[in-house]
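Trainee: There's a structure below that I have some questions on.
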Amino acid sequence: MKHTILVTGGAGFIGSHLVEALGNKKTNTIIVFDNLSTGSLANIPNQENVVFVEGNVHSEEDIAHLFSNFQFDYIYHLAAIASVAESVNHPLATHQVNMDATIYLLEATRAQEKTVLKFVFASSAAVYGAEPTLPKTELSVIDPITPYGIDKYASEKYVTSYGRLYGLNVAVARFFNVYGPRQNPSSPYSGVLSILTEVAKQVKQGQEASFHVFGDGEQVRDFVFVNDIVQGLMLLGTKSGSQAEAFNIGSGEKHTLRDIITVYETLLETKIPLTYCEARTGDIKYSYASIEKIIQLGYKPTFTIHQGLEKYMADALVPMH
Ligand code: NAD
Ligand code: UD1
């Protein structure tokens with residue numbers, strides 16, 4: 001079966017891994033739609049069946065142009081401003097990308113002649129907010145505390161409503177903290193493990209560097225390796241049991257930031273200098289997932305934190321040898 005698949009944000013960290021996996025099936029044509037704001041062309045796999053289209057998900061004109069050129073069988077909507085802290089600093093600008101754009105895409109999907117087989121939306125654990133009951137199941141209280149979390153939840157509701165109101169085939173993925181190769185460490189708002197990896201690399205190279213811990217380092221996260229996120233996304237794309245439902249995707253493990261720093265130190269056989277700073281505004285202290293619901297669809301995490309970090313560090317340190 002030939003399929004045309006749209007991946008918005010496909011030049012980014014998670015999107016590029018998804019594109020690579022989808023592109024391994026040669027009968028698939030993957031359209032990467034991205035404005036390269038945090039993503040990059042270098043992330044996009046150099047495969048014949050992968051086509052890059054530069055554009056802005058928050059431009060109705062760019063979306064209309066995209067859908068006038070292609071009809072999609074599957075859509076994975078990952079383009080977003082992924083930084084929670086950035087949304088606290090710029091709520092309006094992030095809202096336009098993280099929420100309004102979702103409606104533009106849903107409208108274009110509803111209007112296309114071909115019936116989409118699945119529209120999968122990349123949401124976040126941030127929708128659960130700081131309500132203390134753990135682990136987070138899909139039935140947990142929803143109480144987002146940042147513009148990022150609010151926009152993700154509003155987008156989710158639009159996506160599932162389009163499933164119910166217009167019969168669109170849709171599913172929602174709530175990612176916990178994703179890490180792995182190609183996560184961009186260049187902004188202070190980048191994912192914590194990309195920053196920690198960069199610092200670890202500098203330390204290992206004998207440079208002076210220090211990792212800034214926001215708060216006491218006792219915050220808990222479910223860090224999930226990017227390959228497992230891709231596995232989960234592909235299940236949500238293909239399984240009928242995911243229709244108009246939200247699913248957590250995590251590792252099922254929980255760790256404090258300090259534990260993770262210790263794993264780095266063990267892997268590197270060196271100490272990482274730490275600077276403790278004030279906790280970030282809007283930061284959630286404890287977040288980890290129950291992944292029982294997606295396990296019922298056939299999901300099985302394949303990387304423990306130790307295995308994932310080992311692979312990530314090995315990739316990151318390659319240029320040193
Ligand atoms: P990323 O920044 O690497 O990827 C986002 C991609 O979207 C980038 O390539 C960027 O250039 C693109 N993009 C941003 N604004 C755009 C716009 N207006 N038009 C077109 N493209 C645009 O981040 P990521 O970590 O790969 O995140 C992917 C998705 O997963 C996001 O929706 C994010 O909110 C969600 N998510 C990520 C995590 C995580 O831990 N990384 C956790 C939960 C949810
Ligand atoms: C991350 C994702 C967000 C996702 C959410 C789901 C990124 C940039 N953010 O948010 O898209 O929706 O998980 O759970 O990928 N920290 C430090 N030092 C640093 C950087 C961060 O101590 O240099 C701390 C933060 O204060 C936080 C923790 O590490 O307590 C994780 O931070 P971060 O990687 O930004 O992730 P989240 O805010 O959890």
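We did not get these values from a lab; they are worked out from the coordinates using the rules stated. All values derive from a computational prediction rather than experimental measurement. Backbone-built Cβ (ideal geometry, glycine too); neighbour counts: all protein chains shown.
Trainee: Need the C-alpha centroid separation for the range 10-29 versus the range 217-274, integer Å.
Mentor: When both Cα centres are located, 20 Å separates them.
Trainee: Just tell me which aspartates and glutamates come within less than 18 Å, Cα to Cα, of K204; anything on the same chain fewer than 8 places away is out.
Mentor: Of all the aspartates and glutamates, those that pass the test against K204 - Cα under 18 Å, at least 8 places apart if same chain - are E265, E269, E310, D315.
Trainee: Which trypsin sites (Lys or Arg not before Pro) does the range 1-102 hold that lie in a coil by DSSP with at most 10 other beta carbons within 10 Å?
Mentor: Answer by residue number: K2, K26.
Trainee: Among P185, G23, G206, which residue has its Cα positioned farthest towards the positive end of the charge dipole of the chain, with +1 placed on the Cβ of Lys and Arg, -1 on the Cβ of Asp and Glu, and the dipole taken about the Cα centre?
Mentor: Looking along the dipole axis, the top candidate is G23.
Trainee: Oh, and also: Can you tally the net charge around T270? Count Lys and Arg as +1, Asp and Glu as -1, for every other residue whose Cβ sits under 12 Å from the Cβ of T270.
Mentor: After counting each charged neighbour, the total is +1.
Trainee: Among the lysines, which have Cα under 20 Å from the Cα of K293 when same-chain residues fewer than 8 positions away are ignored?
Mentor: K118, K136, K152, K157, K239, K254
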